[in-house]
Amino acid sequence: MTIPWARLSVSWLGIVHYLACIFPQLGSVLYHLFMNHEGGPAVYRTLLTLDMCGVCMVNTLGALPIIYCTLACAPFLRTVALLSYSGLSSYGIFCAVTARSSVRRLQSFAWQALFRFFFFYLRWVGLGTGHPSSLRSYLIMDGLAFLGGVINISRVPERWKPGRFDYWFNSHQIMHVLVVVSILYLHWGVVADLQWIGNYVCPME
């Protein structure tokens, strides 16, 4: 509800951001809710695909407002960047849902992360536009998401004390907490950008 809908001059930015925040929660909830199934590998792969699609959506849709606002005054480059990121994300989604291990799934998002960091760099050096506070939020967002992924595949802390963390404070739970906080930072950064772009006027060349 904090998305400034009434002030949005480009309404699809708010829509894709809203979906980016919602999809990973839905996919993950369905995945965990039905983990007690007895349908075998086929059902598990379907549930895992739903979970991965949610992660892919936050990576894909979540970055579109960032790219748009970073290149707010360069419409041609902005269009090329948005299309390029969307194409790259489609390949990343394919890699994620077909990956055979958690390490491979994490690697599937590497190119998307590098693409986003290029736009963070543009903002940092002053070549990109956007709200001044957003860059910090985006860096924390990606840092938390990466840390959560590393903790999840490293199986820390349960690998140190097998059996002690079966119900509480295991790596998968820690990862989910970090990812939720990461999405909050994405939301705060994008909302600041959407409020900023509603008032920003590109300088005349």
Any residue in segment 86-101 that is more than 20 Å from residue 64 (Cα to Cα) sitting within a Cβ distance under 9 Å of a residue that is among the aliphatic types (A, V, I, L, M)? List the pairs, counting only those 6 or more apart or interchain. 97/48; 97/52; 99/52; 99/106; 101/153
Taking segment 175-198 only, how many residues are more than 17 Å from the chain's Cα centre (by Cα) and free of Cβ contacts under 8 Å to residues at least 60 places away in the same chain? 0
Options 71, 114; residue that is open to solvent by 40 Å² or more (accessible area, probe 1.4 Å), modelled with pLDDT of 90 or more and of a type in the set (A, V, I, L, M): 114
Considering segment 139-164 alone, what residues qualify as being under 15 Å from residue 116 (Cβ atoms) and either exposed (fewer than 15 other Cβ atoms within 10 Å of the Cβ) or in contact with an Asp or Glu (Cβ under 6 Å, 6 or more places away or on another chain) (or both)? 143
Within segment 78-85, is even one residue surrounded by fewer than 14 Cβ atoms within 10 Å (Cβ to Cβ) and either small (Gly, Ala, Ser) or within 21 Å of residue 181 (Cα to Cα) (or both)? yes
Only one of these conditions is not met by residue 172: (1) under 19 Å from residue 48 (Cα atoms); (2) loosely packed, with under 12 Cβ neighbours inside 10 Å. Which number is it? (2)
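Does residue 167 qualify as being at pLDDT 95 or above and either closer than 26 Å to residue 18 by Cα or among the hydroxyl-bearing types (Ser, Thr, Tyr) (or both)?
Numbers: at pLDDT 95 or above: no; either closer than 26 Å to residue 18 by Cα or among the hydroxyl-bearing types (Ser, Thr, Tyr) (or both): yes.
So residue 167 does not fit the description; no.
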Taking segment 1-33 and keeping residues out of contact with any Ser or Thr (no Cβ under 8 Å at 6 or more places or on another chain), open to solvent by less than 40 Å² (accessible area, probe 1.4 Å), aliphatic (A, V, I, L, M) and in a helix (DSSP H, G or I) leaves 13, 16
Being of a type in the set (Gly, Ala, Ser), open to solvent by less than 50 Å² (accessible area, probe 1.4 Å) and at pLDDT below 95 narrows 189, 198 down to just 198
Scan segment 153-166 and report the pairs whose first residue is charged (D, E, K, R) and whose second residue is exposed (fewer than 12 other Cβ atoms within 10 Å of the Cβ) and assigned to a loop (DSSP other than H, G, I, E, B), with Cβ atoms within less than 8 Å and a gap of 6+ or a chain change. 158/166
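The values are calculated or read from the model by the stated rules, or taken from the named source; none is laboratory data. Computed from a predicted structure; not experimentally measured. Positions of Cβ are generated from backbone atoms using ideal geometry, with glycine treated the same way; all protein chains shown enter the neighbour counts. Areas reflect the complete protein model, heavy atoms only, side chains present, ligands, DNA and RNA absent. Shrake-Rupley method; radii C 1.70, N 1.55, O 1.52, S 1.80 Å.
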